[in-house]
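Notes follow the structure.
The values are calculated or read from the model by the stated rules, or taken from the named source; none is laboratory data. Given the structure is predicted, the values throughout are model-derived calculations rather than measurements. When we count neighbours, we look across all protein chains shown, and the Cβ atoms used for this are built from the backbone with ideal geometry, even at glycine. Remember, those area values only see protein heavy atoms, side chains included, never the ligands or the DNA or RNA. Shrake-Rupley method; radii C 1.70, N 1.55, O 1.52, S 1.80 Å.
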Amino acid sequence: MSSTKIQKISRRKFLQLSGAFAATTAITNPCRILYALSRDGSEKTANKIREAFSACDMCFNKCGLIAQVENGVIRKLDPNPKFLKSRGMLCARGNSGVKQLYDPDRLKYPLLRKGARGEGKWQRLTWDEALDHAAEQLERIGKQYTRCGFLFMAGTDMQSTFVHQFAEAYGSYNVISHESNCLLSRNRAFLDTYGVMPTPDVLNCKYVIMPGANRFESLVTPDSMDLMIAGTNKAKLIVLDPRFTKTAAHADEWYPIKPGTDMAFFLAIAHIIIKEELYDKAFIKDKTFGFEELREHVKQYTPQWAQKETDIPAKDIQRIARELAKAAPSAMVYPGRRSSDYEDSTQIRRSYAIVNALLGNWDQEGGLLVPKKIKPGSMHIETPFYEDNPDDRVDAGRAQMMFDEEGSFKHTRDAVIEGKPYPIKGWMTYKTNPMQTGANRNKTIKMINTLDFMMTVDIAMSDTAWMADLVLPAPSYLERQDPLSAFLASSTCTGVVTRDPVVPAMFKSKPVFWIVKELAKRLELGEFFEFTMDDYRKAQLKKIPQVATALKEDGVYNDTGPSFNLYKGKPFKTRSKKIELYNTRYKDKGIDPMPVYKRPKSVPENHFRIVVGRNAYITQSASTNNSLLWELQKENTLWIHPKSARSLDIKNSELVNVKSSVGKVTIKARVTKETRPDTVYMDTGFGVLSKGLTNIFGKGACIAEVLEDRADKISGNMAMHETFVTVSKA
Ligand SMILES: Nc1nc2c(c(=O)[nH]1)N[C@H]1C(S)=C(S)[C@@H](COP(=O)(O)OP(=O)(O)OC[C@H]3O[C@@H](n4cnc5c(=O)[nH]c(N)nc54)[C@H](O)[C@@H]3O)O[C@H]1N2
Ligand SMILES: Nc1nc2c(c(=O)[nH]1)N[C@H]1C(S)=C(S)[C@@H](COP(=O)(O)OP(=O)(O)OC[C@H]3O[C@@H](n4cnc5c(=O)[nH]c(N)nc54)[C@H](O)[C@@H]3O)O[C@H]1N2
Ligand code: SF4
Ligand SMILES: [Mo]
């Protein structure tokens with residue numbers, strides 16, 4: 001089935017189509033700094049090339065790769081053709097991974113803050129000094145404020161689990177991740193509709209509506225490649241985005257929807273599908289709950305009404321609804337990924353989930369699939385109980401249905417600043433950079449200034465590290481041993497990947513696994529970490545012994561078993577045991593049981609809505625300083641429509657001030673028709689405070705400085721598209 005389809009698209013073709021092609025050609029020329037750093041005198045001896053498997057870590061996708069190592073130096077990273085999830089692709093950022101390793105800006109040894117916070121004065125420490133200091137602070141804060149007075153935050157990483165495990169052993173349940181700045185409201189919506197977060201089978205889909213997702217720049221594997229393949233197989237792609245993205249450029253139809261109105265569009269789609277009886281009747285009867293309520297509910301949401309809300313013509317909404325239903329069940333509203341956008345995001349995404357249910361695309365080729373991720377074993381550890389701890393997380397109760405495991409960055413930060421319901425005085429961050437990725441940077445600074453102690457584990461002097469008291473250097477993904485990690489690759493497979501060091505760790509860098517073990521020892525918690533990474537992997541492999549050989553021989557384990565019709569006859573993991581078009585749990589909690597459209601606040605006169613997004617060269621805040629990628633993009637700009645620019649007398653490349661209620665930045669304007677006249681945009685990852693990021697320091701502006709921090713009411717997910725700014729000549 002799909003494996004033959006996959007071969008139709010080569011990596012070169014993909015990069016060409018995706019707009020990332022320019023990047024690969026540029027980055028195969030080794031840049032000066034890399035060359036200088038990697039010369040080790042032995043180059044003149046015979047060229048011995050060794051190949052080693054790894055998995056890319058330039059973003060969360062973990063694409064399989066093969067490193068070419070010459071005399072102990074990584075020369076090049078190639079895609080691993082056996083890695084089905086990435087369809088044998090390594091993107092521009094993936095190719096630049098060598099620079100993550102050989103980067104002169106890397107953190108080299110532990111650093112203790114000497115001057116004022118953010119002043120950039122540091123003292124070099126030995127690891128023993130650094131760990132003793134951190135352990136003392138953990139001990140002191142735990143005693144003075146209870147163990148929950150110490151907050152832990154870990155980003156996407158195969159070793160993040162050890163940070164969580166450490167927090168558990170130490171005794172704090174105040175653990176957050178980057179996820180409440182990313183996708184929790186999407187997860188909330190789909191879980192509360194289907195009981196699971198489905199995987200979209202883009203590869204076999206014939207009709208894809210993609211609202212607020214930018215798959216040809218914001219790469220999610222395999223969806224990005226599969227969308228390209230589906231396109232060559234004549235699938236239809238409809239993109240709703242206020243910006244003309246690369247995805248919009250490759251779509252059959254692009255609608256610059258008015259930001260914040262997607263729910264109106266989908267309720268109108270549901271209106272037509274139900275009114276014209278285009279839904280799968282047997283499926284609706286057997287598998288869904290609340291259809292009659294939904295029928296009544298969407299009567300009010302006509303395409304004519306939706307046109308006024310969304311700026312999308314009623315006749316197009318009507319036609320799209322009919323085409324979508326005709327292509328069903330190989331048709332979908334793509335669930336998307338980042339949903340850190342609106343205060344109503346869970347309900348907006350619920351409207352996507354509901355239209356999917358009407359299409360009967362569940363568990364069908366080209367529809368939404370049951371996630372069938374492999375579950376490696378783990379090392380269960382009985383953690384101690386600390387009696388003096390408060391009853392709940394510090395952010396508890398601040399959102400209607402927060403995920404306990406994930407919490408909310410926005411609400412936690414507010415709670416820390418308020419000191420309510422109890423004080424938090426310590427913070428450990430690992431591989432996450434909330435100074436750039438948490439909306440409202442000034443508030444993050446305020447939070448940090450209420451703390452007694454903050455430590456950051458990173459590979460570079462990120463803005464978050466810049467504000468910390470203790471900075472600990474970590475090895476890059478090419479230098480460390482990680483646990484196994486399972487992944488989903490849509491309809492093609494599910495699988496497992498891992499990492500072993502391709503080259504030894506440079507400088508004094510140490511993995512976080514080692515760091516928490518050492519801290520645990522000092523805190524008399526050593527018994528909870530009496531295992532090595534090999535032990536841990538063995539425990540993971542216990543349930544899946546077949547994986548070990550594949551990892552060794554192919555660098556990946558792919559399970560290509562069946563993907564469709566797995567759910568036949570099984571009850572859904574929801575209260576009604578069916579797909580919940582109407583959610584009674586929501587009703588009980590005073591939440592609308594079906595999505596009710598609320599018009600977004602209109603853009604005040606002389607203001608613009610600012611929205612967040614990405615391009616193919618940038619991973620949030622983490623790759624803009626990478627020398628190879630920086631060659632391709634040296635700063636960010638403010639996208640502004642020519643009509644708006646004209647009215648403000650702003651010319652292309654002119655400096656402008658962008659101001660919101662929380663901050664102000666100065667940035668170059670990019671006058672372009674690629675955004676709506678009422679919407680402005682800038683890339684993330686510039687305007688840094690850290691002088692340790694030498695390529696980008698002083699370049700562009702920080703979007704987190706102007707983004708107001710609002711939250712999705714239901715999940716507590718950050719809502720980053722609710723900010724209005726003024727723009728004026730600087
Ligand atoms: N190159 C690259 N790839 C990445 C990442 C990266 O940083 N760089 N990050 C990865 C991660 S962690 C994630 S979560 C995903 C994110 O990938 P996506 O989920 O695709 O999210 P974004 O690209 O951030 O935003 C999608 C689009 O929403 C548009 N938009 C703004 N407001 C609205 C609106 O009201 N309605 C609609 N319909 N559209 C709107 C924006 O203009 C933007 O183009 O990408 C992943 N892949
Ligand atoms: N303004 C803005 N805010 C956003 C987004 C956006 O696009 N714009 N996107 C949102 C989304 S979808 C997400 S997922 C979050 C992501 O937000 P974050 O979790 O903050 O992710 P990154 O910006 O990628 O920052 C990762 C950090 O890890 C460091 N790092 C990289 N590799 C390693 C390593 O091997 N070891 C260690 N220890 N550190 C490493 C990098 O130097 C960087 O400081 O941001 C959200 N917030
Ligand atoms: S999508 Fe690109 S950056 Fe992300 S893991 Fe794959 S190759 Fe690396
Ligand atoms: Mo994300």
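If Ile238 passes every condition in (1) assigned by TED's automatic domain parsing to the domain that holds Glu365; (2) of a type in the set (Val, Ile, Thr); (3) in contact with a Lys or Arg (Cβ under 9 Å, 6 or more places away or on another chain) but one, which one does it miss?
Exception for Ile238: condition (3).
Among the residues of the range 605-618, what is the count of those that are more than 16 Å from ligand 4 (Cβ to nearest atom) and not in a loop (DSSP other than H, G, I, E, B)? Spell out how you get there, then give the answer.
Residues of the range 605-618 more than 16 Å from ligand 4 (Cβ to nearest atom): 605-610, 617.
When the remaining residues are screened for being not in a loop (DSSP other than H, G, I, E, B), the result is 608-610.
Adding up the residues that qualify gives 3.
Mind checking which residues of the range 112-166 are β-branched (Val, Ile, Thr), within 16 Å of ligand 2 (Cβ to nearest atom) and part of a helix (DSSP H, G or I)?
Thr161, Val163
Is it true that Ile176 is of a type outside the set (Lys, Arg) and assigned to a strand (DSSP E or B)?
yes
Between a residue in the range 274-292 that is closer than 11 Å to Leu359 by Cβ and any residue that is open to solvent by less than 90 Å² (accessible area, probe 1.4 Å), which pairs come within a Cβ distance under 6 Å, given they are 6 or more apart or on different chains?
Matching pairs, first to second residue: Leu278/Ala325; Tyr279/Ile273; Tyr279/Leu358; Asp280/Gly360; Phe283/Gly360; Ile284/Phe291.
With Lys76, Lys82 as the choices, which residue is closer than 25 Å to Met158 by Cα, touching a residue at least 12 places away in the same chain (Cβ under 8 Å), in a loop (DSSP other than H, G, I, E, B) and basic (Lys, Arg)?
Among Lys76, Lys82, only Lys82 is closer than 25 Å to Met158 by Cα, touching a residue at least 12 places away in the same chain (Cβ under 8 Å), in a loop (DSSP other than H, G, I, E, B) and basic (Lys, Arg).
Output the number of the condition that Ile381 fails; it satisfies all remaining conditions of (1) more than 21 Å from the chain's Cα centre (by Cα); (2) crowded, with 19+ Cβ neighbours inside 10 Å.
(2)
Which of the numbered conditions does Lys373 fail, given that it passes all the others? Conditions: (1) at pLDDT 95 or above; (2) within 21 Å of the chain's Cα centre (by Cα).
Of the numbered conditions (1) at pLDDT 95 or above; (2) within 21 Å of the chain's Cα centre (by Cα), the odd one out for Lys373 is (1).
Looking at the structure I just gave you, is Lys538 in contact (Cβ under 8 Å) with a residue 12 or more places away in the chain and among the charged types (D, E, K, R)?
The answer is no for Lys538.
Could we say that Val202 is open to solvent by less than 20 Å² (accessible area, probe 1.4 Å), within 16 Å of ligand 3 (Cβ to nearest atom) and either in contact (Cβ under 8 Å) with a residue 60 or more places away in the chain or under 21 Å from Ala489 (Cα atoms) (or both) here?
Taking the combined requirement at face value, the residue satisfies it.
Tell me, which helices (runs of 4 or more DSSP H) wholly within the range 273-345 include 2 or more residues that are closer than 21 Å to Gly367 by Cα?
281-287, 314-327
Identify all residues within the range 522-550 that are of a type in the set (Gly, Ala, Ser) and either over 29 Å from the mean Cα position of the chain (by Cα) or in a loop (DSSP other than H, G, I, E, B) (or both); write none if there are none.
Gly526
Contact list please: Cβ distance under 7 Å, first residue in the range 105-124 and of a type outside the set (A, V, I, L, M, F, W, C), second residue in a loop (DSSP other than H, G, I, E, B) and modelled with pLDDT under 95, pairs at least six apart or on different chains.
Lys121/Gly115
Give me the helices (runs of 4 or more DSSP H) completely within the range 619-730, filtered to those with at least 2 residues that are in contact with a Lys or Arg (Cβ under 9 Å, 6 or more places away or on another chain) and touching a residue at least 60 places away in the same chain (Cβ under 8 Å), ordered by residue number.
In the range 619-730, the matching helices (runs of 4 or more DSSP H) lie at 627-632, 703-706.
If we keep just the residues of the range 302-326 that are open to solvent by 30 Å² or more (accessible area, probe 1.4 Å) and touching a residue at least 24 places away in the same chain (Cβ under 8 Å), which is farthest from Thr679 (Cα to Cα)?
Step one: of the range 302-326, the residues open to solvent by 30 Å² or more (accessible area, probe 1.4 Å) are 302, 304-305, 307-308, 311, 313, 315, 318-319, 322-323, 326.
From what is left, the residues that are touching a residue at least 24 places away in the same chain (Cβ under 8 Å) are 302, 305, 311, 318, 322-323, 326.
Working: Thr302: 26, Trp305: 22, Asp311: 14, Gln318: 26, Arg322: 30, Glu323: 30, Lys326: 34 Å.
Among them, the one singled out is Lys326.
Condition test on Met197, is it open to solvent by 30 Å² or more (accessible area, probe 1.4 Å), among the hydrophobic types (A, V, I, L, M, F, W, C) and within 16 Å of ligand 4 (Cβ to nearest atom)?
yes
Where residues in the range 91-100 are modelled with pLDDT of 95 or more and assigned to a helix (DSSP H, G or I), which of them is nearest to ligand 4 (Cβ to nearest atom)?
Ranking the qualifying residues of the range 91-100, first place goes to Arg93.
Between residues in the range 168-184 that are among the acidic types (Asp, Glu) and residues that are within 16 Å of ligand 3 (Cβ to nearest atom), which pairs lie under 9 Å by C-beta distance while being six or more apart or on different chains?
Between residues of the range 168-184 that are among the acidic types (Asp, Glu) and residues that are within 16 Å of ligand 3 (Cβ to nearest atom), the close pairs are Glu179/Thr156.
Tell me, yes or no, whether the range 510-521 has at least one residue that is part of a loop (DSSP other than H, G, I, E, B) and among the β-branched types (Val, Ile, Thr).
No, there is no match, as no residue in the range 510-521 is part of a loop (DSSP other than H, G, I, E, B) and among the β-branched types (Val, Ile, Thr).
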